[in-house]
Each structure stands twice: as structure tokens, then as C-alpha cells.
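Read through the structure below, which is laid out as C-alpha cells, and then see the notes.
The values are calculated or read from the model by the stated rules, or taken from the named source; none is laboratory data. All of these numbers come straight from a predicted model, not from anything done at the bench. Counting neighbours? That spans all protein chains shown, and the Cβs are built from the backbone with ideal geometry, glycine included.
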Amino acid sequence: MITKNQPAPPQEIIFLLFAIFGSIINILLGLLFGLMALSAIISDGYGTFPSPIWWAFSFGFLALCGFPSIILGIRTLRKKEPIARNALRLSYLLAIPVFLSGLLLGYAAFSVGILPVVLGPLSKIIAASAAALLTIQIVRRFGPIFSYRRIWGQFILGVWIVPIFALLSEFMILIPTLLLFGVGSMNSDEGVLLLDLLRDSTTSTEALTQAATGILTQPWVIALVLGFFAVLVPLLEEALKTMVVWPWIMRKRSSAEAFLGGVIGGTGYAVFEAIFLTQAESAWFPTTIGRAGATIMHAFTTGVASWGLAEGINNKKWGRLILGYAIAVLFHGLWNAGAVSIALIEIQAFRVTDLPGSLHFIQSIIPIMILFLTLIAFTGLFRISKRLSQTPSDADILPIQD
């Protein structure tokens, strides 16, 4: 008796087409920016670092992220899908030498000047990949067993899809924020002064810069900037990043799977931010270190928010949904507030010759606060993934409790 092979489920075909289409789009964008970078290098006589080179390497990396999904999608259609076992006990330590190699390439590119147009972007991509590897392997050590296809599927959702919706949403709330800034500036003495200077063709660049920093250091502007980056952005991003687990939550998967999936997708989102954040050559080292910490932060907050979403939708525990989302927003908001405050203090330092002692203290304490938040997130990834991997009765306990 001849038996026919069962047709592939529609979601398997959609997954494969999504991976192929996304990789092609990223390849084309990478080639486009590569040509722009080559043109800039030739026209400038190799004397400057062309900005499109960052984008060319970044889109090329995003295309590479889709290749494993394509291979796994084809193998799944051929009924040969491999199952990813839990990560080995110390496998996450592999991320350390990889991250150090990224720092070494950054030093060679920016401090020594060896092929900065090549080694510079590579150092950023390698360092971001190492931070992602560390984060994902930590939670896979204790979490539920996923197929490789699901791991890569949630990762590319985080690195390809979520940033598009996040950028569009943040642009929409940026418009009214800029309008408020414009109205406030036109009704302030600093804004009027800046307008007068702009109308005068003889105004020096230094005078314009001083007037602009005078506006940016006003208390109402600081409140507006912090409100945007530390309140509105976390509210949007933490809701949108849970997109990486929506298909699985609708299929009634466990909260432990939602947490692990959120961590994987949040890591992908963090990688997108890290590789598309243009790094000044003089500040490559602190920026790279900071982005590594941000990767752990995004993974932690997305995991907690996804856990809460699964608890609310699947188990009807709506208080946990609100709690998970609130923890994610608060944690993300504190992180952004610290990063933005550093930038605002640097603007104030440019405007005045001597910063007040209080600002010096805040400037020195913020990096410690960000490091403390990173350690909390890092520890949380360990503890929550381990707690949720226990028996259902134990996993039912809030992950923020002992």
C-alpha cells in the first residue's frame, strides 16, 4: 500500500518564505549602502570614514541572520528538523573570548588605525553577537527545549520585525514631542535669542552652539527629553517587543516558553540597536561596553513582559500581566534615564566652564547605577529561567520572589 506524504503545515511554508524574503531585502540594502560607501571613499580620497559603511555591514549581518532560518526551514519541510537541546553547562562562557576579540578589533581599527572601514564595523558586529550569545545561552541552560527553527525564528522576529514597528511608533510620538519643544522654545528667552542669531549671517558657529545648548539645558526641556526617552519609549518598546511570542501565546504555550522566547526576541532587538548605533571613533570602547549591557537589559525586560503576557492570556492572571509589563517599563525607563542624563550633563559641561558639584556627583553615580541594573538583569535571567524550569507548582510563583 502506497502512503502519501503529509503536506507541510502552512506556518512552515510561511516561515521559510519569510526567511528568504527578509534575507533578500537585507542583501539588497547592504549592497546599496556598500555602493554608497565605495563612492564616498573614492570621492574623498580615502580620507574620511564614510557613514554608509556602517549600514552596509549591518544589513549584510542581518541578511546572514536569515540564512540559518532558511536552512532550518528547508530541513523542516523535508521532515528532518533537528531539536536543540538545552545549552551545555558552561557554553555561555564561549561569549567571553568572542567579545574580547571584538574589542581587540575595535582597538586595532580606532586606536591604531588598521583598516577602520573594515575592522570597525566588524568589531561592533562581533561584540554585539557575543553579548547575544551569552544572554541566550544563559536562559537555554535552564529553560524548556526549543527547536533550532523556533530559536532562530524568534531571534529574527526581534532583529527584523520589531524594530520596524518600534521606529514607526516612536516617530509618531516624536512629532508631538518636537511640536511641544518648538512652542516652548518660541516662548522662551533662549529660543528668541537663538532665532535672532540664526537671522544674523555674521553669527559664529560657537555663538549658535552656545545658544542651542542654552535651550537644551532648560529644566522644561530636560523634563521633555526624559519624558520621551524614559517614559514614552519604554512604554512603546516593551509592548511591541512581546510580538516575538504572540504566535506561540495564541497556541497556549507555557509561561516558561514565553519567557525564553521573549529573551531570544529581546536579544535580537538589542542586536539591531547595537549594530545600527553609529559609534564615534573616539568613544568606541564605552559605547561597545554599554551596548553589551543594553543587550542583557532588553533580553530581561522582554522576557519578563512576555512571561506576564502569557500568564494573563493563557492563565487569566491579569495582575501578573500588568506586573510583568510594569517591571519591564520601569527597568527600561531607569536605564534610558541614566543614559540620557549622561548626555544632558555633557551638554551642560560644554556650556559652562565648571559644573556644579551636584552634577559631578550625578555624572559619577550614573555609570554605577547602569552597572547595577545590568547585574540585576543578568542575575534575573539566571534565577527566573531556573525558577520557571521547575515543576508547574513552583513555576507558578512570581519570578521576582525568592
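Odds and ends about this structure:
- Residue match in segment 173-183 (condition: in a helix (DSSP H, G or I) and under 23 Å from Gly158 (Cβ atoms)): yes
- Taking segment 134-162 as the range and being in contact with a helix residue (DSSP H, G or I) (Cβ under 8 Å, 6 or more places away or on another chain), farther than 26 Å from Phe21 by Cβ and surrounded by fewer than 20 Cβ atoms within 10 Å (Cβ to Cβ) as the test, the residues that pass are Gln137, Arg141, Pro144.
- Test for Pro82: is it at pLDDT below 85, loosely packed, with under 15 Cβ neighbours inside 10 Å and not aliphatic (A, V, I, L, M): yes
- From the list Gly268, Gly262, the one residue that fits, being modelled with pLDDT of 90 or more, within 30 Å of Thr135 (Cβ to Cβ), touching a Cys at 6+ places or on another chain (Cβ under 9 Å) and surrounded by 15 or more Cβ atoms within 10 Å (Cβ to Cβ), is Gly268.
- Taken together, Leu277, Leu309 contain a single residue that is closer than 19 Å to Val139 by Cβ, among the aliphatic types (A, V, I, L, M) and surrounded by fewer than 24 Cβ atoms within 10 Å (Cβ to Cβ), which is Leu309.
- Only one of the numbered conditions (1) modelled with pLDDT under 85; (2) not aliphatic (A, V, I, L, M); (3) not in a loop (DSSP other than H, G, I, E, B) is not met by Phe21, and that is (1).
- Set Phe59, Phe110, Phe49: member being in a loop (DSSP other than H, G, I, E, B), within 21 Å of Glu273 (Cα to Cα) and either in contact with a Phe, Trp or Tyr (Cβ under 7 Å, 6 or more places away or on another chain) or at pLDDT below 90 (or both): Phe49
- Residue in segment 163-186 that is buried (at least 16 other Cβ atoms within 10 Å of the Cβ), hydrophobic (A, V, I, L, M, F, W, C), farther than 26 Å from Met243 by Cα and touching a residue at least 24 places away in the same chain (Cβ under 8 Å) present: yes
- Those helices (runs of 4 or more DSSP H) of segment 197-285 in which at least 2 residues are under 30 Å from Phe99 (Cα atoms), considering only elements entirely within it, cover 233-240, 255-276.
- Residues that are within 17 Å of Gly380 (Cα to Cα) and among the aromatic types (Phe, Trp, Tyr) within segment 294-334 comprise Phe300, Trp307, Tyr325, Phe331, listed in sequence order.
- Taking the numbered list (1) touching an Asp or Glu at 6+ places or on another chain (Cβ under 9 Å); (2) modelled with pLDDT under 90 in turn, Ile145 passes all entries but (1).
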